[in-house]
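As structure tokens, the structure follows; a few thoughts come after it.
The values are calculated or read from the model by the stated rules, or taken from the named source; none is laboratory data. Keep in mind that what you see is a predicted model, and the values were worked out from it rather than measured. As a convention, Cβ positions derive from the backbone with ideal geometry for all residues, glycine included, and neighbour counts pool all protein chains shown. These accessible areas exclude ligands, DNA and RNA; they are computed on the full protein's heavy atoms, side chains included. Shrake-Rupley method; radii C 1.70, N 1.55, O 1.52, S 1.80 Å.
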Amino acid sequence: MCSSDLSLIFQIKTGYLYFQLGSIIACFMLGLACGSYFAVRYMKDIENFNIAFNYSFLILALYPLFIIILFNFFLKNAGDINILVFLSILFIPSFIIGGLFPLANRISLDKNDDGRSFGRLYAYDLFGSALGALLTTAIFIPLLGIYPTLVTIACVNLVALSLVVYDARC
């Protein structure tokens, strides 16, 4: 039986599959919007955009490891994760991601004043997001499982951060 049939059966039996998926997507989008708003609103207060970007990226890079610890805690102590707890856990990285894009744009503006840099940055962001979603869902989770995938994501993000830091110093 294919997964779409199973999800339809789950929806018919319980009535909340699409509500849960909608809640997850809405929470992620809300986090992006809030993070972007926060970054733009307080941009004038940031003295060094590279440092703000690097620390935000570091928190985002280490967040998958935090998720592993948090899920193990909840599964051992509570037995299940409430949807509100799950959405709260999801909101934090989406907030950081939402704030990173305006910071990256500001850094790009400081380095290069042509408008093409914004377009390239947006294209790289979309391409990386699509590639990450495809690799994670189609390859990493089925082959490695959830926890090894989270560790892999943390490692990839730390490598990306080190490349960003190296590039900023050159």
Practice problem: Note down the nm distance, to one decimal, between modelled labels 7 Å out along Cα→Cβ at Asn72 and at Arg169. | Solution: 3.2 nm
Quiz item: So if R0 is 35 Å, what FRET efficiency would Ser162 and Gln20 give, r being the distance between their Cβ atoms, rounded to the nearest 0.05?
Solution: 0.45
Quiz item: Taking the Cβ-Cβ separation of Arg116 and Tyr37 as r and a Förster radius of 30 Å, what is the calculated FRET efficiency to the nearest 0.05?
Solution: 0.70
Quiz item: Counting only residues 5 or more places away or on other chains, whose amide H sits under 5 Å from the amide H of Tyr16 once H atoms are built in the peptide plane?
Solution: none
Quiz prompt | In Hz, Karplus ³J(HN,Hα) per residue of segment 127-143 (6.51, -1.76, 1.60; θ = phi - 60°; x = Gly, Pro) | solution = 4, x, 5, 5, 5, x, 5, 5, 5, 5, 7, 9, 10, 5, 5, x, 8
Quiz item: Under a plain spin-label model, where a point goes 7 Å from the Cα along Cα-to-Cβ, how far apart in nm are Asn50 and Asp125?
Solution: 2.1 nm
Exercise. Keeping all protein chains in place, calculate the accessible area per residue for segment 82-127 (probe 1.4 angstrom), answer in Å².
Key: 60 Å²
Practice problem: Report, to the nearest whole %, how much of the accessible area of the chain belongs to carbon and sulfur atoms, 1.4 Å probe, protein only. | Solution: 71 percent
Practice problem: Match the structure shown to one of the listed values (1) 22.0, 96; (2) 18.3, 58; (3) 17.1, 49 of Rg and Dmax of the Cα atoms in Å, computed from it, and give that label. | Solution: (2)
Quiz item: What are the ³J(HN,Hα) values, in whole Hz, obtained from phi via the Karplus relation 6.51 cos²θ - 1.76 cosθ + 1.60 with θ = phi - 60°, for each residue of segment 152-158 in sequence order, with x given for Gly and Pro?
Solution: 4, 4, 4, 5, 4, 5, 5
Self-check item: Using θ = phi - 60° and Karplus 6.51 cos²θ - 1.76 cosθ + 1.60, couplings along segment 97-104 (whole Hz; Gly, Pro as x)
Solution: 4, x, x, 5, 5, x, 5, 5
Self-check item: About the Cα centre, charge dipole magnitude for the chain (Lys/Arg +1, Asp/Glu -1 at Cβ), debye
Solution: 80 debye
